[in-house]
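These notes are about the structure you will find just below.
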Amino acid sequence: MATFEGRFTDSSSLRIGVVVSRFNDLVTAKLLSGCLDCLNRHGIDTSAASDHLDVAWVPGCFELPIVAQQMARSRKYQVLIALGAVIRGDTPHFDVVVAEASKGIASVARDTSIPVIFGVLTTDTMQQALERAGIKSNLGWNYGLEALEMGSLMTSLSLS
Ligand code: INI
């Protein structure tokens, strides 16, 4: 029997792509900085010169899947992270944007076998979103950690 688990001790070789939405960038920029802090503290070179990390900005969460798909098809990355924030109170078409982002991101992962971490906050208010992006905790950090786990797990499965 083989047991597979993602590891956090050998992350520095991973190549990671991040797609981040500019809509609600008060929130998404904080998610990105929490995420990069996590990656950096686990050995990923997050400097501007890094060839282990790329960041692509898109207008809104609706555009996350197509850019994640383009990055996945490049085969340059072992794992992708999609970051965004959709706030119900300010968004009459909240359900449409969230459904398209979540279904699209899941499809990209399944179609390409490149895991895409779903780092989209869906909240009722801006206050709740900010609380999850740094005022209380920063879920960007968690998304970074989940990316390291999945990148490591998928790599070990493909080597086995
Ligand atoms: N995009 C978001 O990421 N979050 C939102 O809350 C949001 N609202 O409120 O509408 C939003 N809309 C933009 C959308 O994602 C697309 O960028 C736009 O419709 C162009 O395709």
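The values are calculated or read from the model by the stated rules, or taken from the named source; none is laboratory data. Quick caveat, the model's predicted, so the values are computed rather than measured. Using ideal geometry, Cβ is built from the backbone for each residue, glycine included, and neighbour counts are taken over all protein chains shown. With ligands, DNA and RNA removed, areas are computed over all heavy atoms of the protein, side chains included. Shrake-Rupley method; radii C 1.70, N 1.55, O 1.52, S 1.80 Å.
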- prompt: Which value in nm describes the separation of the simple spin-label points at LYS136 and ASP124, placed 7 Å from the Cα toward the beta carbon?
  reply: 1.3
task: Would you list, by chain and number, the lysines whose Cα falls below 24 Å from the Cα of LYS76, excluding same-chain residues fewer than 8 positions away?
output: LYS103
query: Say the dipole of the chain comes from +1 at the beta carbon of Lys and Arg and -1 at that of Asp and Glu; which of VAL20, ILE87, PHE4 then lies farthest toward its positive end?
result: PHE4
task: Calculate how many DSSP beta bridges within the chain are antiparallel, expressed in % of all such bridges and rounded to the nearest 5.
output: 5
- line: Which of GLU131, GLU149, GLU63 fluctuates most in a GNM of the chain (C-alpha springs under 10 Å)? That residue is GLU131
- request: Could you state the orientation-averaged shadow area of the convex hull built on the Cα atoms of the chain, in nm² to one decimal?
  value: 9.5
message: If I stretch the segment between VAL55 and ARG110 completely, what's the gain in nm (0.36 nm per residue apart, minus their alpha carbon distance), one decimal?
response: 17.7 nm
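Leaving out ligands and nucleic acids, and using a 1.4 Å probe, what accessible area per residue does the stretch 16-159 come to in Å²?
Working: 6860 Å² over 144 residues.
Roughly 48 Å² per residue, with all protein chains present.
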- prompt: Just the accessible area for ASP45, please: 1.4 Å probe, Å², rounded to the nearest 10?
  reply: 60
field: Carbon/sulfur fraction of accessible area - the chain, other protein chains in place, 1.4 Å, %
entry: 53
query: Can you give the extra length, in nm with one decimal, that the chain gains between VAL96 and ASP37 once fully stretched, where that is 0.36 nm per residue apart less the Cα-Cα distance?
result: 18.1 nm
- prompt: Between GLU5 and ARG88, what FRET efficiency comes out of the Förster formula 1/(1 + (r/R0)^6) with R0 = 30 Å and r the beta carbon distance, rounded to 0.05?
  reply: 0.25
